[in-house]
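A.B. asks: Before I ask anything, let me first share the structure, which is written out below as structure tokens.
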Amino acid sequence: MNAARGAPPGFEEAGNLRQQVRAAGMDPDYWYAVEEVRNIKPGNVVEVVFWKRSIALFCATDGSFHAMDNRCAHRQLKLSLGVVEGCRLVCAYHGWKYDADGRLAETEHERMGRGFPKVSLRTYPVKVRYGLVWLFPGDPEKSELRRIPDIPELEGRGRWACVPLSFTWSAHHSMVIDNVSDFTHAYLHRRYRPFEDAKLTRCETIGDDVHLAYETRVGRGRISGLFVDRKRYDTNYMELCYQYPYQWSNTDDAIKHWLFVLPVDERTTRAFFLFYFKSLKIPLLPVHIPRFAMSTVLKVSNRMLIGPLLAQDGDAVEAEQEGYESHWNARPLEFNPVVRSFQKVTVRKWDEHLKCANGGGNAGV
């Protein structure tokens with residue numbers, strides 16, 4: 001195949017499904033995980049980006065989270081370069097102070113006889129759940145209608161242990177979704193063997209969800225396999241779903257995960273993974289690890305096993321992104337039907353958003 005000339009086409013100019021999906025954004029009228037809670041201490045501000053839109057996310061000194069457009073109305077400097085004072089975000093340049101509702105609350109220019117400008121920035125609904133900070137970048141009136149996915153195993157007194165993992169990959173979000181549910185790439189993970197001998201048994205699109213299932217041997221790694229109790233749980237079958245814009249998997253109601261992608265732009269995605277287990281056994285013994293010790297075990301597992309495993313996926317999708325940018329007009333060769341199903345939903349949802357979009361927001365300068 002010869003290298004393509006020029007840049008890949010935009011969504012409207014795309015000539016086939018693959019080109020369309022690689023240019024598609026994601027519908028902003030959903031809740032998106034944007035950061036791990038542990039990464040933002042009270043008094044900190046960070047920049048998060050949803051599909052080329054820069055947003056300042058800050059944690060007030062009382063521990064509450066807030067988000068607004070990442071620009072000072074004065075000279076347009078990013079507010080994420082500033083500081084947090086109480087529940088206000090202060091621009092680093094002239095010290096303009098914005099309250100949690102995005103209103104300009106104080107400025108030194110009052111003392112120069114210039115009056116006090118009535119200015120407000122767009123703000124965004126923010127929630128905290130499952131160790132993640134969530135943001136609603138779309139129509140704020142829809143934020144109460146859409147729900148963050150309910151994960152009952154991670155709530156309440158008997159909740160399962162879970163330690164989030166996050167990555168920033170130089171790849172389009174559709175490549176990440178394709179990767180995590182396409183089990184034909186077991187060869188990539190031959191060292192860790194998270195799944196083997198996969199046979200697709202279901203692929204069904206229902207509304208905005210793509211349901212699939214594999215007969216596959218789960219958790220057969222030389223080390224990871226020692227922690228799985230195969231006498232108690234059936235690890236030869238896995239259900240998955242692309243529940244737009246999220247993805248999850250379930251092995252015998254005992255081994256589960258969710259993936260939440262944050263589309264940054266056409267070639268950058270943040271990926272937030274939640275892996276959680278009903279129980280794990282002590283290697284070589286018929287005894288299960290006590291619940292109080294599970295968080296410690298998962299922290300070690302994230303560092304030694306799950307993190308390096310997912311890093312292989314990151315390397316693969318980043319290489320795929322480079323390949324696509326050089327060969328975007330090559331003939332698509334896709335043999336797993338689930339991939340086309342994901343892509344069709346993503347393209348349809350983005351097309352619907354573009355047709356319905358009419359601007360707006362809660363406040364603007």
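Just so it is clear, none of the values below were taken in a lab; they were calculated from the coordinates. If you're wondering where the values come from, they're calculated on a predicted model, not measured in any experiment. Counting neighbours? That spans all protein chains shown, and the Cβs are built from the backbone with ideal geometry, glycine included.
A.B. asks: To the nearest 20 debye, what is the magnitude of the charge dipole of the chain about its Cα centre, counting +1 on the Cβ of each Lys and Arg and -1 on the Cβ of each Asp and Glu?
C.D. replies: Values: 49 positive and 45 negative charges, 179 e Å.
Here the size comes out at about 860 debye.
A.B. asks: May I pose another question? Cα atoms only: what Rg and Dmax, in Å, come out for the chain?
C.D. replies: Rg and Dmax of the chain, Cα atoms, are 22.6, 78 Å.
A.B. asks: Residue separation times 0.36 nm, minus the C-alpha to C-alpha distance between THR61 and ARG222: what's the value? Provide the component values of the computation, followed by the final result.
C.D. replies: Numbers: separation 161, 0.36 × 161 = 57.96 nm, distance 4.61 nm.
Result for the pair: 53.3 nm of gain on full extension.
A.B. asks: If you don't mind, another one. What spacing in nm lies between the two simple spin-label points modelled at LEU145 and GLU12, each 7 Å away from Cα in the Cβ direction?
C.D. replies: Distance between the two pseudo-spin positions: 2.6 nm.
A.B. asks: Set Lys and Arg Cβ to +1 and Asp and Glu Cβ to -1, take the dipole of the range 1-155 about its Cα centre, and tell me which of VAL126, GLY10, GLY138 lies farthest positive.
C.D. replies: Of the listed residues, the answer is GLY10.
A.B. asks: Would you work out the charge dipole size for the range 152-350 about its Cα centre, treating the Cβ of every Lys and Arg as +1 and the Cβ of every Asp and Glu as -1, and quote it to the nearest 20 debye?
C.D. replies: Values: 26 positive and 24 negative charges, 184 e Å.
Dipole size: approximately 880 debye.
A.B. asks: Helix-derived [θ] at 222 nm for the chain: sum -39500 (n - 2.57) over DSSP H runs of at least 4, divide by residue count, nearest 500?
C.D. replies: Values: 5 runs with 62 residues, N = 365.
Taking each H run of at least 4 residues, the total per residue is -5500 deg cm²/dmol.
A.B. asks: Using alpha carbons only, how many angstrom separate the centre of the range 119-151 from the centre of the range 1-61?
C.D. replies: Cα centres, the range 119-151 to the range 1-61: 16 Å.
A.B. asks: Then there's this: With a 10 Å Cβ neighbour count serving as the proxy for reagent exposure, in which order, fewest first, do PHE227, PHE136 appear?
C.D. replies: Values: PHE227 19, PHE136 22.
Final ranking by Cβ density, sparse to dense: PHE227, PHE136.
A.B. asks: Using the 4.7 Å Cβ rule, please list in number order the cysteines from the chain without any candidate partner.
C.D. replies: CYS59, CYS87, CYS162, CYS203, CYS241, CYS356
A.B. asks: Angle, helix 307-326 long axis vs. longest principal axis of the chain, Cα atoms, 0 to 90°, nearest 10?
C.D. replies: Relative to the chain, helix 307-326 is tipped by roughly 70 degrees.
A.B. asks: Short version: what are the Cα gyration tensor semi-axes of the range 22-106, square root of 5 times each eigenvalue, largest first, in whole Å? Let's see the in-between values first.
C.D. replies: On the way: eigenvalues 101, 52, 22 Å².
Semi-axes from the Cα gyration tensor: 22, 16, 10 Å.
A.B. asks: Projected onto the charge dipole of the chain (+1 at Lys/Arg Cβ, -1 at Asp/Glu Cβ, origin at the Cα centre), which of VAL180, PRO117, THR296 gives the Cα projection farthest towards the positive end?
C.D. replies: Most positive-ward Cα: THR296.
A.B. asks: Any idea what the dipole of the range 239-298 comes to, in debye rounded to 20, about its Cα centre with Lys/Arg Cβ at +1 and Asp/Glu Cβ at -1?
C.D. replies: Numbers: 6 positive and 5 negative charges, 55 e Å.
For this selection, approximately 260 debye.
A.B. asks: Next up: Which of the aspartates and glutamates could be linked to LYS97 by a straight reach, that is with a Cα gap under 14 Å, when you skip same-chain ones fewer than 8 residues away?
C.D. replies: Hits, sequence-local ones excluded: ASP69, GLU85, GLU106, GLU108, GLU110.
A.B. asks: Could you work out the longest stretch of the chain that avoids the GluC sites (Glu not before Pro) located in DSSP loops with at most 15 other Cβ atoms within 10 Å? Can you show the working numbers first?
C.D. replies: Details: sites that count: GLU12, GLU13, GLU144, GLU155, GLU334.
My reading of the result: 156-333 is the longest stretch.
A.B. asks: While we're looking at this one, here's another question. Measuring from a point 7 Å past the Cα of LEU305 along Cα-to-C-beta, which residues in the range 172-197 have an amide N at less than 17 Å?
C.D. replies: 189-196
A.B. asks: Toward the positive end of the charge dipole of the range 206-365, about the Cα centre and with charges on Cβ (Lys, Arg +1; Asp, Glu -1), which of SER279, GLN247, LEU259 goes farthest?
C.D. replies: Most positive-ward Cα: SER279.
A.B. asks: Shifting gears a bit: Counting pairs on different chains as well as pairs 8 or more places apart, how many Lys pairs in the range 229-365 have Cα atoms under 27 Å apart?
C.D. replies: 12
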